[in-house]
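Taking it in order: structure first as structure tokens, then the write-up.
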Amino acid sequence: MTHQTLGDFGDFSLTLVVTSPPWYENCYIVQHKPSGAVAVVDPGSDGDRILHLMQTAGGTPEVILLTHGHPDHLGAANQIETALKIPTRAHADEVPVIANASALNRSFTGKEQTGPASLETFAGEQGETLGGAPIRVIHTPGHTPGGVCFDFGRFVLTGDTLFRNGVGRTDLPGGSEQQLWASINRLLGLLEDDVVLFSGHGPEWTVREARKWWRMVG
């Protein structure tokens, strides 16, 4: 597992944690600098290391946020919930996906997985907060029914909806290529050119770069 401090984006600081094989998934630690409140987004594995990084950074852990409920994005949620006594929050439409995460993990890795124990859900595009600061929730079904992107203003965490020069797969239960294409069209229409998109796997890019690529392939 590797990690990288990505810097400050307005009132938020962002740290990337790339989890261990086989997933190499991007987990993000977001801190609201004025309040010190911290969110963990998509803790796929390596719970001990994520907890150590949070303790080193300081601040007050507040919530775990899930862009979606596949096993490579929630594998460490239970451990972090228990250690920090914070909830995990996800879109209500994602509940069946989260319930099936252990079975899906077993199909890929042969191993069982313990899911979130303190799961809370939100509906539609009900906004979230961190340290009292608003986080826009953009519902982006397609990769999964309850997939969302979290908009922090100067950056957006897109999960597996949209990667740099790629999109999420739609062949797993609940996936829909038609929905995903519509979600990406809408997402890119909502954001300013200079906003940075950080995905669930791979490197970041700007909305400007994503729009240029999407016009060629979408």
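Give SER107, SER176 a once-over and let me know the one that is over 17 Å from ASP42 (Cβ atoms), of a type outside the set (A, V, I, L, M) and surrounded by 13 or more Cβ atoms within 10 Å (Cβ to Cβ).
On the way: SER107 fails: surrounded by 13 or more Cβ atoms within 10 Å (Cβ to Cβ).
Testing whether each residue is over 17 Å from ASP42 (Cβ atoms), of a type outside the set (A, V, I, L, M) and surrounded by 13 or more Cβ atoms within 10 Å (Cβ to Cβ) leaves just SER176.
For the subset of segment 141-166 comprising residues that are within 12 Å of the chain's Cα centre (by Cα) and among the β-branched types (Val, Ile, Thr), which member is nearest to ASP93 (Cα to Cα)?
The qualifying residue nearest to ASP93 (Cα to Cα) is VAL148.
Residue by residue through segment 87-104, note down the ones that are closer than 21 Å to CYS149 by Cβ and touching a helix residue (DSSP H, G or I) at 6+ places or on another chain (Cβ under 9 Å). Show your work before the answer.
The initial filter retains those residues of segment 87-104 that are closer than 21 Å to CYS149 by Cβ, namely 87-98, 101.
Result: PRO87, THR88, ALA90, VAL97, ILE98, ALA101.
Among the numbered criteria (1) buried (at least 23 other Cβ atoms within 10 Å of the Cβ); (2) touching an Asp or Glu at 6+ places or on another chain (Cβ under 8 Å); (3) more than 22 Å from VAL137 (Cα to Cα), which single criterion is violated by ILE50?
For ILE50, the failing item is (2).
Out of everything in segment 100-114 that is touching a residue at least 24 places away in the same chain (Cβ under 8 Å) and out of contact with any Leu (no Cβ under 9 Å at 6 or more places or on another chain), what residue ends up being farthest from PRO21 (Cα to Cα)?
Step one: filter segment 100-114 for residues touching a residue at least 24 places away in the same chain (Cβ under 8 Å), giving 100-102, 104-105, 108-109, 113-114.
Next, from what is left, pick out any that are out of contact with any Leu (no Cβ under 9 Å at 6 or more places or on another chain): 100, 102, 105, 108-109, 114.
Details: ASN100: 21, SER102: 17, ASN105: 13, PHE108: 12, THR109: 11, THR114: 18 Å.
Ranking the candidates gives ASN100 first.
Run down PHE122, PHE155 and say which single residue is surrounded by 14 or more Cβ atoms within 10 Å (Cβ to Cβ) and closer than 25 Å to SER20 by Cβ.
Numbers: PHE122 fails: closer than 25 Å to SER20 by Cβ.
The match here is PHE155.
Given (1) on the phi > 0 side of the Ramachandran plot; (2) in contact with a strand residue (DSSP E or B) (Cβ under 8 Å, 6 or more places away or on another chain); (3) without any contact (Cβ under 8 Å) to a residue 40 or more places away in the chain; (4) not small (Gly, Ala, Ser), identify the lone condition not met by TYR24.
It fails just one condition, (3).
Sort through ASP194, ASP171, ASP160 and tell me the only one that's acidic (Asp, Glu) and either touching a Leu at 6+ places or on another chain (Cβ under 7 Å) or without any contact (Cβ under 8 Å) to a residue 12 or more places away in the chain (or both).
That would be ASP171, the only listed residue that is acidic (Asp, Glu) and either touching a Leu at 6+ places or on another chain (Cβ under 7 Å) or without any contact (Cβ under 8 Å) to a residue 12 or more places away in the chain (or both).
Of the residues that make up segment 115-133, is at least one touching a residue at least 40 places away in the same chain (Cβ under 8 Å) and acidic (Asp, Glu)? Break it down stepwise before answering.
Step one: list which residues in segment 115-133 are touching a residue at least 40 places away in the same chain (Cβ under 8 Å), which gives 115-116, 128, 130-133.
Next, from what is left, pick out any that are acidic (Asp, Glu): 128.
Yes, some residue in segment 115-133 is touching a residue at least 40 places away in the same chain (Cβ under 8 Å) and acidic (Asp, Glu).
Is it the case that ARG136 is of a type in the set (Lys, Arg), out of contact with any Lys or Arg (no Cβ under 9 Å at 6 or more places or on another chain), free of Cβ contacts under 8 Å to residues at least 24 places away in the same chain and in a strand (DSSP E or B)?
Working: of a type in the set (Lys, Arg): yes; out of contact with any Lys or Arg (no Cβ under 9 Å at 6 or more places or on another chain): yes; free of Cβ contacts under 8 Å to residues at least 24 places away in the same chain: yes; in a strand (DSSP E or B): yes.
Yes.
I need the full set of residues from segment 140-167 which are farther than 11 Å from HIS201 by Cα and among the charged types (D, E, K, R), in order please.
Passing the criteria: ASP151, ARG154.
On the basis of being closer than 24 Å to SER13 by Cβ, touching a helix residue (DSSP H, G or I) at 6+ places or on another chain (Cβ under 9 Å) and of a type in the set (Ser, Thr, Tyr), does THR140 make the cut?
Values: closer than 24 Å to SER13 by Cβ: no; touching a helix residue (DSSP H, G or I) at 6+ places or on another chain (Cβ under 9 Å): yes; of a type in the set (Ser, Thr, Tyr): yes.
Criteria not met by THR140.
Computed from the coordinates by the stated procedures, all read-outs in this text should not be read as laboratory data. What you see is a predicted model, and the numbers here were worked out from it, not measured in a lab. So basically every Cβ, Gly included, is an ideal-geometry build from the backbone, and we count neighbours across all protein chains shown.
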